[in-house]
Amino acid sequence: MPQEIELKFALPGVDGEQALARLRRHPLLRRRAMTHLRLVNRYLDTPDGWLRQQRCALRLRQTQPLAADGRTPAGRPRWEQTLKTAGRGDAALSVRGEWTTPLPRARLDRAALEATPLARASDDALPWDQLDVQYETRCRRTTWTLHLQGGVRIEVALDVGELRAPGRRAPLLELELELLHGTPEALWSVAAALGQVLPLLPARASKAEQAQRLAAGSHHAPVRARPLDLPPAASPMVLARAALTDALGQLCDNLAAAAHSDDPELIHQARVGWRRWRSVVRLVRPWLPSPPPDATALQPLLQTLGTLRDWDVAATETVPAWAAAYVEDASTHPHRARALQRAVRRLHQAARAQRRLLRDQLADPTVVAPLLALAMWVAQLPDDTGAAHPPHWAFDRLQRWHKRLARALAHAPTDASEAIEALHAARLLAKRLRYASEAAAAVLPAKAAERTQRWQRRARGWQERLGRWRDTLRAADLLATVHAHPGLVGFVRGVAAAQHPLRANP
């Protein structure tokens, strides 16, 4: 089966001209021949997305050579038809089936699809008469071909343009590294080199997927955890590859969207992705052939995400939730209403400043580089290390964590001033148990899965309960930071005291 093996990256915080200038100066590329093409990709599907449901993308592509200025046509346009099928994908690396056929004109060639997986669908199943262009992309592609040691050939392609759907348009900027000959490891070496001058944020979504989301109005929608398709009793390494790939993809997808959107849920889901990553690494750690790259260099970005999440929650959830109780009656207490409005406005201002910091960090290659290193590490994990593991390896580890959580909660001090640190540690344990249990659910025997689901629900309950208490305490601190009225700060601190999570069992 013909395959496409490539790495795909978003480039947050830079524009097309900046990206092109940095690539042209890079030692790997500055002496290489550079070509420009104008690409128009028209994606066909039925109005209800039949091909998408089959995990296929069918496109008609027009390519036209451009002169050295990247704008003037330098040849006749040509058309081709390509079918792509979903395959194995890591956080940035995708390995997919691909079938391409030259076309004399922009019209679907059904006969060319006879040698593809679509041939297995009967004419009754495949609604040919409903296939039509649903969305398209238009871009200028600048390419370089690298000839490296060992006969390795890699195409570096910078795409600058836009996504188009009925009534909607959005900019498109991404870098692709396609393996023309050699082993996939060479792609990562080239990516690491180019990542010194550009913020290469691992990206999973193809152009077709991005255009489809634009058409659906969900282009920058938050990305949540995907269900894991794993065989029963899968080994630790099989679970590790699937769960870590999705966790890192969730983190990076939401960061890419946060470079353009102010939706607070993007920050929340990015942090969930990182929690899932850490939880699964802990779960499979005894069987990993090597530890993941040191995440110390990632701490500035993670700290910014955490601080921004605190501001967002205080401004959009915690303080508004208690606004009515604080004001009581605006006609009787107008000063409270004014104090509340000023405080919320200042919280939003602080959140905007933190969001600008996040975007500055995402545009910095040194800040994004650790994510590239993590993607490379997980993509190179073996399917099986050969190390022996007990048949109930996941259940045994989850059971130990559940007991640790129970002990931590049982021995936590009830005094609020002493409980903060202990309950924070318990909350981290609850998160670890929850996300690791969710990842391992598919590989557990039925009875073990039932027990872990109970633990998972308990962990989620404690996580949410401890989280609400912690958010209220944090909101009071943030209100004090923005010099909110002392009465409002004191009120929120009182709410936190009343919410102490150990006052009663959940």
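The alpha carbons of region 114-272 occupy a box of 49, 43, 42 Å along the principal axes, longest dimension given first.
Reducing region 162-176 and region 297-351 to their Cα centroids gives an inter-centroid distance of 35 Å. The tail of the calculated P(r) for the chain beyond 44 Å holds 24 percent of all Cα-Cα pairs. Within a straight-line Cα-Cα reach of under 30 Å, LYS431 can be paired with the following lysines, leaving aside sequence neighbours fewer than 8 residues apart in one chain: LYS403, LYS447. For region 189-283, the list of trypsin sites (Lys or Arg not before Pro) that fall in a loop by DSSP and count at most 16 other C-beta atoms within 10 angstrom reads ARG224.
In a reduced charge model with +1 at each Lys and Arg Cβ and -1 at each Asp and Glu Cβ, region 264-498 shows a dipole moment near 420 debye about its Cα centre.
P(r) for region 264-498, from all Cα pairs and a bin width of 5 Å, is 1, 6, 11, 14, 14, 14, 13, 10, 7, 4, 2, 1, 1, 0, 0 %, short bins first. Inter-part distance, region 186-226 to region 458-487, computed on C-alpha centroids, equals 34 Å. For region 3-219, the convex hull spanned by the alpha carbon atoms encloses 133 Å³ per residue.
Shown for ARG427, ARG138: other C-beta atoms within 10 Å of each C-beta, ranked fewest to most, produce the order ARG138, ARG427. Size descriptors for region 313-387: radius of gyration and Dmax over Cα atoms are 22.7, 73 Å. Which angle between 0 and 90 degrees, to the nearest 10, do you get for helix 446-481 versus the longest principal axis of the chain when only C-alpha atoms count? The helix 446-481 is inclined about 70 degrees to the chain. Normalised radius of gyration (Cα atoms, divided by 2.2 N^0.38 Å) for region 367-498: 1.41.
The numbers here are math on the coordinates, done by the rules we state, and not lab data. Please read these numbers as outputs of a predicted model, since none were measured by experiment. Backbone-built Cβ (ideal geometry, glycine too); neighbour counts: all protein chains shown.
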